[in-house]
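Here it is: the structure, laid out below.
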Amino acid sequence: MVVTGGLALSTAAASTAAPAPASAKPATAKPASAAPTALPAAAGSAAMAVGSAANVSTFVLPTVSVPKLRRGSRGTAVRRVQRVVGVYADGVFGPRTHRAVKRFQGRKGLYRDGIVGPRTARAMGFSYSSRRSSSASRGSTRSSSSVLYHARRNLGARYRYAGSTYSGGFDCSGYVYRVFRNAGISIPRTAAGMDRRARRVYSPRPGDLVFYNYPATHVGIYAGGGKMYDSGRSTRGTKLRRLFPGRVHYGRIG
């Protein structure tokens, strides 16, 4: 105890009341660690949504795949493409669909060939299948069988320039036109028109078209084994015969 003027002060109180030495530096308060700022609930939800969307676009492939499509293709895959490019979805890849695909490719900075290949399919939101669908293959086989059936049924008709009936006679394109119409397939009337409409192939199969010269001046139906059905300038008229020499190329309808 310290006694001063009759008042008793404890040493603890005295030290508390005593002024600090002049040389002492004032204590600097240590700043408290900042507490993490909480995002509003709405902002947090939005951030999570953005992250989820990014993951989906990066890792999830489209569930719909399409094969390579071009003029002459038919089927469900063509309808899907037609809906994307904004033309009537009839399932037939014709001139309008071809032009619409080229416009789409131009907008996306792709090569404008009018063919739905891997890059164009992905730009449309589809995955790409390098194999034709089984339904398309079956449909193509049925069409070829029907064409060959009607080609055989129309053998023996006489040759007639510009003719397109069995009783009146056929020229080359008239015969092919009638055979395809009987098989339920619509094609142009002239050999040159058929050539423009057909898809070029290099390994023909029965039912494909055989063209001579370009633009085409003669057309027949490939029968396999180096033979074709055609209507030539002959007393025998429409017949099955071996391909004759010349500038030949092949096309496929459908």
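FYI, it's all coordinate maths here, none of it is from the lab. What you are looking at is a predicted structure, and each value in this text was computed from that prediction instead of being measured. Ideal geometry is used to build each Cβ from the backbone, glycine not excepted, and the neighbour counts take in all protein chains shown.
Can you compute the modelled spin-label distance between residue 240 and residue 213, with each label point 7 Å from Cα toward Cβ, in nm?
Those two pseudo-labels are separated by 2.8 nm.
Continuing with the same structure: Fewest Cβ neighbours within 10 Å first, please rank 177, 111, 159 accordingly.
On the way: 177 23, 111 12, 159 20.
So the ranking, lowest neighbour count to highest, is 111, 159, 177.
Does region 67-123 come out rounded, prolate or oblate, given a ≥ b ≥ c as the square roots of the eigenvalues of its C-alpha gyration tensor, rounded meaning a/c under 1.5 and, failing that, prolate meaning a/b above b/c?
Note, shape of region 67-123 comes out prolate.
Let me make sure I get this right: for region 76-206, a, b and c are the square roots of the gyration tensor eigenvalues over alpha carbons, sorted descending. Under 1.5 in a/c it's rounded, otherwise prolate if a/b > b/c, else oblate. Which is it?
In terms of gyration-tensor shape, prolate.
Which of 209, 155 has the fewest other C-beta atoms within 10 Å, and how do the rest follow up to the most?
Ranked by crowding around the Cβ, least crowded first: 155, 209.
Moving to a separate point now. Using the Karplus equation 6.51 cos²θ - 1.76 cosθ + 1.60 (θ = phi - 60°), what ³J(HN,Hα) coupling, rounded to whole Hz, does each residue of region 85-102 give in order, writing x for Gly and Pro?
For region 85-102, the Karplus curve yields 8, x, 10, 4, 8, 9, x, 10, 7, x, x, 5, 5, 4, 5, 5, 5, 5 Hz.
Multiplying the sequence separation of residue 79 and residue 123 by 0.36 nm and subtracting their Cα-Cα distance, what value in nm do you get? Mind showing how you got there, number by number?
Details: separation 44, 0.36 × 44 = 15.84 nm, distance 1.62 nm.
Result: 14.2 nm gained on full extension.
What number comes out for the charge environment of residue 241, summing +1 per Lys or Arg and -1 per Asp or Glu over other residues with Cβ under 10 Å away?
Surrounding charge for residue 241 is +3.
Rounded if a/c is under 1.5, else prolate if a/b is larger than b/c, else oblate: which is region 164-254, with a ≥ b ≥ c the root eigenvalues of its Cα gyration tensor?
Rounded.
For 161, 149, 128, which order do you get if you count the other beta carbons within 10 Å of each Cβ and list the fewest first?
On the way: 161 10, 149 14, 128 17.
The most exposed by this proxy come first: 161, 149, 128.
Next question, about the same structure. I'd like the distance separating the alpha-carbon centroids of region 65-96 and region 199-233, in whole Å.
Spelled out, the Cα-based centre of one part sits 26 Å from the other.
Working out 0.36 nm times the residue gap between residue 103 and residue 158, then minus their Cα-Cα distance, what length gain in nm do you get to one decimal?
Numbers: separation 55, 0.36 × 55 = 19.80 nm, distance 4.63 nm.
Net length gain for the segment: 15.2 nm.
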